[in-house]
Amino acid sequence: MFPKNTRIYVAGHSGMVGSSILRTLKKKGYKNLIYANSKNLDLRDQKKTFKFLKKTKPKVVIIASAKVGGIMSNSTYRADFISDNLSIQNNLIIGAHKCNVEKLIFLSSSCVYPKNIRKPLKEKYLFNGPLEETNSPYAVAKLAGMKLCESYNDQYGTNFITLVPCNLYGEKDSFDLFNSHFFPALLKKIDDYKNKKTNEIEIWGNGQAKRELMYVDDLADACVFFMNKKKIEQDYINVGTGKQSSIVDYANKICNYLKVKPKYKFDKSKPNGMKTKVLDISVSKKLGWKSKISLSKVIKKTYKYYQKMKDL
């Protein structure tokens, strides 16, 4: 276990995932935390990134920095999604090796799994088939980062691991319908419907695509847990709840919380994405970690955050 004065660099500390990791580290007593905003450090710039790592000398690096978005932004900015993410993660992973970082955690995404592979998704299925086309540039970048970590471990004996989380939600999520993922988009659409800004709730596709959803603080807890885990055999570890529901089911849960009777409009001209996407979490459970936070416990907290943001 790393002592509380360990120098820990959280890349992407201002985003939903990074800010949660930072809060969790502080709650657990870690005091020597390193971070820099994008105005002061562009992680796509290799020279500046290497210089920053050399100057700050972190013992642990957690990579939560990435260009992220939903189906629409992934489909529109395909070149940006692959090029920006490749640059960010390559600079951090290679720089961490050059600066003798003791432990690195790279955060990937469940979209890296092949589109038509058997469910639930096991780590051994990775790299075994075509990807879902709507977000394949992002997925390819993440797969490259995972393989880069694995290759450094093989060649140099580093302790670089990849956590593969399911869909996330929580504070600092994006509720912009163009850039957001499905859950914050649903939250915004249903709130607009509740406040009579719209006459119906639009859902992309047929609403039957199934997704696994986890509160972001669970992932942050997993990061700290695996940070303190001694070197393990697995290069890739799924992190999720192991449960899934349809998009319509999630919409119904939000409607129930907001006490509205829904009127859905299914836009079948829009893609469903993968029909089902649930992680096999047996490896993380075997290693001693499992999800603790249910949607019912934190939907109020997430909605309050959304209300605060829309009033700004």
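The values are calculated or read from the model by the stated rules, or taken from the named source; none is laboratory data. Here the structure is a predicted model, which means the values were calculated and not measured. Positions of Cβ are generated from backbone atoms using ideal geometry, with glycine treated the same way; all protein chains shown enter the neighbour counts.
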**Study point:** Selection within the stretch 276-312 - in a loop (DSSP other than H, G, I, E, B) and more than 25 Å from Ile247 (Cα to Cα)
**Key:** Leu287, Gly288, Trp289, Asp311, Leu312
Check your understanding: Would the stretch 33-47 turn up any residue that is out of contact with any Cys (no Cβ under 9 Å at 6 or more places or on another chain), modelled with pLDDT of 95 or more, in a helix (DSSP H, G or I) and over 24 Å from Met146 (Cβ atoms)?
Key -> yes
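Here are some residues: Lys300, Lys308, Lys292. Which one is within 20 Å of the chain's Cα centre (by Cα) and exposed (fewer than 14 other Cβ atoms within 10 Å of the Cβ)? Show your work before the answer.
Details: Lys300 fails: within 20 Å of the chain's Cα centre (by Cα); Lys308 fails: within 20 Å of the chain's Cα centre (by Cα).
So the residue among Lys300, Lys308, Lys292 that is within 20 Å of the chain's Cα centre (by Cα) and exposed (fewer than 14 other Cβ atoms within 10 Å of the Cβ) is Lys292.
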Check your understanding: Asp84 is checked against (1) more than 30 Å from Phe183 (Cα to Cα); (2) out of contact with any His (no Cβ under 9 Å at 6 or more places or on another chain) and fails just one. What number does that condition carry?
Key -> (1)
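Every residue, every condition in (1) in contact with a strand residue (DSSP E or B) (Cβ under 7 Å, 6 or more places away or on another chain); (2) under 15 Å from Val216 (Cβ atoms), yes or no:
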{"residue": "Thr6", "(1), (2)": "yes, no"}
{"residue": "Val10", "(1), (2)": "yes, yes"}
{"residue": "Ser19", "(1), (2)": "no, yes"}
{"residue": "Tyr30", "(1), (2)": "yes, no"}
{"residue": "Arg44", "(1), (2)": "no, no"}
{"residue": "Lys51", "(1), (2)": "no, no"}
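Kindly indicate which of Asn238, Asn256 is at pLDDT 95 or above, out of contact with any strand residue (DSSP E or B) (no Cβ under 9 Å at 6 or more places or on another chain) and under 30 Å from Thr24 (Cβ atoms). Working first, answer last.
Numbers: Asn238 fails: out of contact with any strand residue (DSSP E or B) (no Cβ under 9 Å at 6 or more places or on another chain).
Going through Asn238, Asn256 in turn, just one is at pLDDT 95 or above, out of contact with any strand residue (DSSP E or B) (no Cβ under 9 Å at 6 or more places or on another chain) and under 30 Å from Thr24 (Cβ atoms): Asn256.
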**Study point:** Which listed residue is among the charged types (D, E, K, R) and on the phi > 0 side of the Ramachandran plot, from Lys270, Lys243, Lys259
**Key:** Lys259
Practice item. Select from the stretch 85-110 the residues that are of a type outside the set (A, V, I, L, M, F, W, C) and assigned to a strand (DSSP E or B) and list them in ascending order. Key: Lys103
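Can you spot a residue in the stretch 66-84 that is within 14 Å of the chain's Cα centre (by Cα), crowded, with 17+ Cβ neighbours inside 10 Å and either in a helix (DSSP H, G or I) or among the hydroxyl-bearing types (Ser, Thr, Tyr) (or both)?
Just the residues of the stretch 66-84 that are within 14 Å of the chain's Cα centre (by Cα), to begin with: 66-70.
Restricting the remaining residues to those that are crowded, with 17+ Cβ neighbours inside 10 Å gives 66-70.
Narrowing the set further to residues that are either in a helix (DSSP H, G or I) or among the hydroxyl-bearing types (Ser, Thr, Tyr) (or both) leaves none.
No.
Would you pick out the residues in the stretch 141-161 that are touching a helix residue (DSSP H, G or I) at 6+ places or on another chain (Cβ under 9 Å) and closer than 18 Å to Ser110 by Cβ?
Ala141, Lys142, Leu143, Ala144, Gly145, Met146, Cys149, Ile161, listed by residue number.
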Review point. What do you reckon, is Gly273 buried (at least 18 other Cβ atoms within 10 Å of the Cβ), assigned to a loop (DSSP other than H, G, I, E, B) and modelled with pLDDT of 95 or more?
Key: no
Practice item. Identify the residue in the stretch 282-300 that is touching a strand residue (DSSP E or B) at 6+ places or on another chain (Cβ under 9 Å) and among the polar types (S, T, N, Q) and, among all such residues, is farthest from Asp217 (Cα to Cα). Key: Ser282
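Which residues, taken from the stretch 1-32, are of a type outside the set (Ser, Thr, Tyr), more than 18 Å from Leu92 (Cβ to Cβ) and either in contact (Cβ under 8 Å) with a residue 40 or more places away in the chain or not in a helix (DSSP H, G or I) (or both)? Please lay out each step first, then the result.
In the first step, residues of the stretch 1-32 are kept if they are of a type outside the set (Ser, Thr, Tyr); the result is 1-5, 7-8, 10-13, 15-18, 21-23, 25-29, 31-32.
With more than 18 Å from Leu92 (Cβ to Cβ) added as a condition, the list becomes 1-5, 16, 23, 26-29, 31-32.
Met1, Phe2, Pro3, Lys4, Asn5, Met16, Arg23, Lys28, Gly29, Lys31, Asn32 - these are the residues of the stretch 1-32 that are of a type outside the set (Ser, Thr, Tyr), more than 18 Å from Leu92 (Cβ to Cβ) and either in contact (Cβ under 8 Å) with a residue 40 or more places away in the chain or not in a helix (DSSP H, G or I) (or both).
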Practice item. Could you list all residues from the stretch 159-172 that are surrounded by fewer than 22 Cβ atoms within 10 Å (Cβ to Cβ) and not in a strand (DSSP E or B)? Key: Asn159, Glu171, Lys172
